[in-house]
Amino acid sequence: MTGLYLHIPFCAQKCAYCDFVSYGGRESLLPSYLSALKREAETYRGEKIGTVFFGGGTPSLMSEKQIEDLCAFVRDCFDLAPDVEWTMEANPASVTKEKMLAALSGGVNRVSLGAQSLSDDVLAFLGRAHTRAQLETAVEAVKTAGFDKWNLDLITALPGQTAEAWGNTLKEAIAFAPTHISCYSLICDPQTPLGRMAAKGEIVLPDDEQERAMVHLTEQTLARAGYEQYEISNFALPGHACRHNINYWECGDYIGLGCAAHSLFRGARKRNTPSLPRYLTAADPTEETQTLSDRDKREERVFLGLRMNRGVDIARFERDFALDFHAFYASALQTNLDRGFLEEAEGFLRLTARGRDFCDTVAAEFMETA
Ligand code: SF4
């Protein structure tokens, strides 16, 4: 079933590490942007959709009325599955109970809160627009509105962060009782303020060993609290894994709408313009379309499949590519099975706990096979 992503590229301010296509302080453009988004959506009218994701940017910058209106539009424009999973990303600074109620009654059934840290000092360092107190209020709003599926996003491997500090963050996050937790290591693109500080030596990021120690602590702490890891950076209580993201990692079809949005639909990858003025005015916002070769598809299937704890579905691979998986990848397979980085079980090839530390290396060795 196809996933549907709607990008809302506005943020109250630009975070110091952010290299996403998002615009700080431009939310006055939301009305014209939402019109352009609907215009683009019309080209897909009637498509069957299994999951919906309002991402950003900061979708919670929309007013209650805009949330209601966009939800009604999505329900009218698309053929949503009866069990549709419908997520809205939210920044704690712009969450209100009224907005959460508008989203819930509009069909949204999952909220992803961008907490990133639970410390005001760290939030200020990251340039986030919210405080710890606002996060607590937002969590309360999500819960009292009636959402029973919600995620907290956290960032780890911060400059100077100790294992003890990160362990405490995890424990406090667990105490909020989210059904899903995503933990990403900080990546400082050189074009971002934090990236420039790192380049000048003003901040020092943890080395690989320190970062892996944080990741292991994450895995152990969340496992003890009942969160199952289902992807390198994603953990969920049983039955609460994010189906929308699983569809990406399984290389399913998805339609991406909005400025800079990507689609993978009917064998073609499409990328929209990242230019907001152009998105607002263009009859067709497509910047690039690429028909994927079998090689592209195989690489993505293995690269993304290995990120998931379930691994790569070997029978599906062989069916889709008319290849003997074991013969085709014989060299990369044998090398990584011998190293103890991979294991095969129940028809899936997956990374071992040790192999997860070398996910990119293992994937690169598979990529070398044409
Ligand atoms: S809230 Fe997210 S998208 Fe917006 S600036 Fe911060 S990191 Fe970027």
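What follows is calculated from the coordinates using simple rules that are stated; it is not laboratory data. Everything numeric in this text was worked out from a predicted model, so none of it was measured. For neighbour counting, all protein chains shown are included, and Cβ atoms are generated from backbone atoms with ideal geometry for every residue, glycine included.
The Rg/Rh ratio of the chain, with Rg taken over Cα atoms and Rh as the Kirkwood radius over Cα pairs, comes to 0.96. Relative to its residue count, the stretch 226-357 spans a Cα convex hull of 139 Å³ per residue. Given springs between every Cα pair under 10 Å in a Gaussian network model of the chain, which of 114, 305, 340 has the largest fluctuation? Comparing 114, 305, 340 in the GNM, the peak value goes to 340. The fraction of Cα-Cα pairs per 10 angstrom bin, counted from 0 for the stretch 34-74, comes to 24, 60, 17 percent, rounded to whole percents. Taking every C-alpha pair closer than 8 Å and separated by at least 6 residues, the mean separation divided by the residue count of the stretch 108-152 gives a relative contact order of 63 percent.
From the alpha carbon centroid of the stretch 293-370 to that of the stretch 132-188 is 32 Å.
Judged by a Cβ-Cβ distance under 4.7 Å, the unpaired cysteines of the chain are 11, 71, 77, 183, 188, 242, 251, 259, 359. For an R0 of 22 angstrom, estimate the FRET efficiency from the Cβ-Cβ distance between residue 81 and residue 287 and round to the nearest 0.05. The calculated FRET efficiency here is 0.15. Charged neighbours of residue 248, selected by a Cβ distance under 11 Å, balance to -2 (K, R count +1; D, E count -1).
Alpha-carbon geometry of the stretch 18-132: the Rg and the Dmax are 15.1, 47 Å, given in that order. What's the long-distance tail for the stretch 144-193, i.e. % of Cα pairs beyond 14 Å? Of the Cα pairs, 60 percent sit more than 14 Å apart. Scoring 342-353, 225-236 by mean Cβ neighbours within 10 Å over their residues and listing the highest first yields 225-236, 342-353.
On average over all directions, what projected area in square nanometres does the stretch 294-367 have, based on the convex hull of its Cα atoms? Before the final figure, lay out each step's value.
Numbers: hull surface 16.8 nm².
The number I arrive at for the stretch 294-367 is 4.2 nm².
For the chain, the relative contact order comes to 15 percent (Cα pairs under 8 Å, sequence separation of at least 6). When you count the other C-beta atoms within 10 angstrom of each residue and take the mean per peptide, 287-294, 37-44 line up highest first as 37-44, 287-294.
Near residue 262: Cβ cut-off under 9 Å, other residues only, Lys/Arg at +1 and Asp/Glu at -1. The net charge is +3.
Seen from residue 357, the other residues with C-beta closer than 12 Å to its C-beta sum to a net charge of -1, counting Lys and Arg as +1 and Asp and Glu as -1. Fraction of C-alpha pairs exceeding 15 angstrom in the stretch 249-309: 55 percent, rounded to a whole number.
Modelled this way, with points 7 Å down the Cα-to-C-beta line, the labels at residue 369 and residue 216 are 3.0 nm from one another. Label-to-label distance, residue 47 versus residue 72, with points set 7 angstrom from Cα along the beta-carbon direction: 2.4 nm. For the stretch 172-238, relative contact order (Cα pairs under 8 Å, six or more residues apart, normalised by length) works out to 39 percent.
By DSSP, the beta bridges lying fully in the chain are antiparallel in about 40 percent of cases. Any idea how far the Cα center of the stretch 2-42 sits from the one of the stretch 50-101, in Å? A separation of 13 Å, based on Cα centres.
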